[in-house]
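The values are calculated or read from the model by the stated rules, or taken from the named source; none is laboratory data. Since we're looking at a predicted model, the values are computed, not measured. Ideal geometry is used to build each Cβ from the backbone, glycine not excepted, and the neighbour counts take in all protein chains shown.
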Amino acid sequence: MSDIRFDDKVVIVTGAGGGIGRAHALLFAKHGAKVIVNDLGGSATGEGANSEAALKVVEEIKAMGGTAVANPDSVVDGDKIVQCAMDNFGRIDVVVNNAGILRDKSFVKMTDADWDLVYKVHVEGAYKVTHAAWPHMKDNNFGRVIFTSSTSGIYGNFGQANYGMAKLGLYGLTRTLAIEGQKNNILVNAIAPTGGTRMTEGLFPAGAFDKLKPELVSPLVVYLCSEQCQETSSLFEVGGGWMGKVRWERSLGIGFNPDEGFSVEDVAANFEQLCSFEGAVHPKNNIEALKELMANIQKFA
């Protein structure tokens with residue numbers, strides 16, 4: 001396979017001052033991209049601001065012969081980040097939404113501020129940056145967008161109601177934008193990464209944490225954003241040298257006569273069959289998702 005290159009391409013990576021975002025920025029630069037290294041420089045819980053982290057990554061990129069510009073804006077001010085790319089490089093080709101924070105608490109102890117700030121950074125921030133970049137990618141008839149989901153959103157995790165909500169919500173955004181962007185060659189995917197970063201420190205045994213190098217996530221991201229890759233609307237778990245694609249699965253379900261209706265007791269009597277995944281289906285879109293429902297309606301027409 002030919003080398004994956006991003007010469008003349010401009011990439012925005014949010015939250016790129018450290019951890020997985022830094023690894024993304026460095027690898028994109030290594031492959032020839034001009035990189036906007038965005039990082040507010042706040043704490044893992046969203047407090048404070050410091051531009052030093054982004055500037056340091058820019059210096060690393062320049063030291064290896066790459067091109068990069070630091071941007072200290074909050075992702076909530078996504079238009080400013082996009083304008084930084086336009087002012088410095090005149091175009092935008094790739095957006096990697098990586099910025100994030102944690103405000104972990106059990107649901108009963110969670111405050112409105114904990115909920116709102118996690119939503120604001122993860123969901124609203126990703127929306128703002130992507131929404132501002134979208135018209136430029138549309139004009140170029142080329143774009144690649146990555147949203148950063150999480151296994152905490154896919155599977156749930158104690159103490160992360162806010163984080164899980166935000167992270168699975170981003171996959172819903174991924175699915176819809178993949179549909180809207182395809183006619184303009186804008187492909188949109190999501191990753192659920194596991195990396196040894198300040199946000200995961202203390203969650204893994206020392207031996208495992210050391211193997212979860214952030215740079216083991218980035219090759220997948222860079223490939224998904226390349227011209228060679230035509231994948232869109234997908235979700236991948238990745239980390240520790242392993243990666244896998246995730247898909248929805250649904251049981252064949254049960255059907256009742258829609259004209260006659262059915263009772264609570266009917267549901268109870270058929271609940272085991274309802275939950276059986278024997279012969280399960282994997283809908284890829286709304287049309288496929290309605291197949292069994294429409295078949296049931298037609299059965300009693």
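For residues that are touching an Asp or Glu at 6+ places or on another chain (Cβ under 9 Å) and under 20 Å from Gln230 (Cβ atoms), tally how many sit in region 135-152.
Summing the residues that are touching an Asp or Glu at 6+ places or on another chain (Cβ under 9 Å) and under 20 Å from Gln230 (Cβ atoms) in region 135-152 gives 5.
For Trp242, only one of the following conditions fails: (1) touching a Leu at 6+ places or on another chain (Cβ under 6 Å); (2) assigned by TED's automatic domain parsing to the domain that holds Asp210. What is its number?
(1)
If we keep just the residues of region 1-28 that are of a type in the set (A, V, I, L, M) and out of contact with any Lys or Arg (no Cβ under 9 Å at 6 or more places or on another chain), which is nearest to Asp93 (Cα to Cα)?
The initial filter retains those residues of region 1-28 that are of a type in the set (A, V, I, L, M), namely 1, 4, 10-13, 16, 20, 23, 25-27.
Checking which are out of contact with any Lys or Arg (no Cβ under 9 Å at 6 or more places or on another chain) leaves us with 1, 4, 12, 20, 25-27.
Details: Met1: 22, Ile4: 15, Ile12: 8, Ile20: 20, Ala25: 14, Leu26: 17, Leu27: 16 Å.
Checked region 1-28; the qualifying residue nearest to Asp93 (Cα to Cα) is Ile12.
Kindly check whether there is at least one residue in region 109-129 that is farther than 16 Å from Tyr163 by Cα and either touching a Ser or Thr at 6+ places or on another chain (Cβ under 6 Å) or of a type in the set (A, V, I, L, M, F, W, C) (or both).
So far as region 109-129 goes, yes, one or more of its residues are farther than 16 Å from Tyr163 by Cα and either touching a Ser or Thr at 6+ places or on another chain (Cβ under 6 Å) or of a type in the set (A, V, I, L, M, F, W, C) (or both).
How about region 66-124: which of its residues are more than 21 Å from the chain's Cα centre (by Cα) and of a type in the set (S, T, N, Q)?
Thr67, Gln83, Asn88, Ser106, Thr111
Of the residues in region 236-270, how many are without any contact (Cβ under 8 Å) to a residue 12 or more places away in the chain and within 34 Å of the chain's Cα centre (by Cα)?
3
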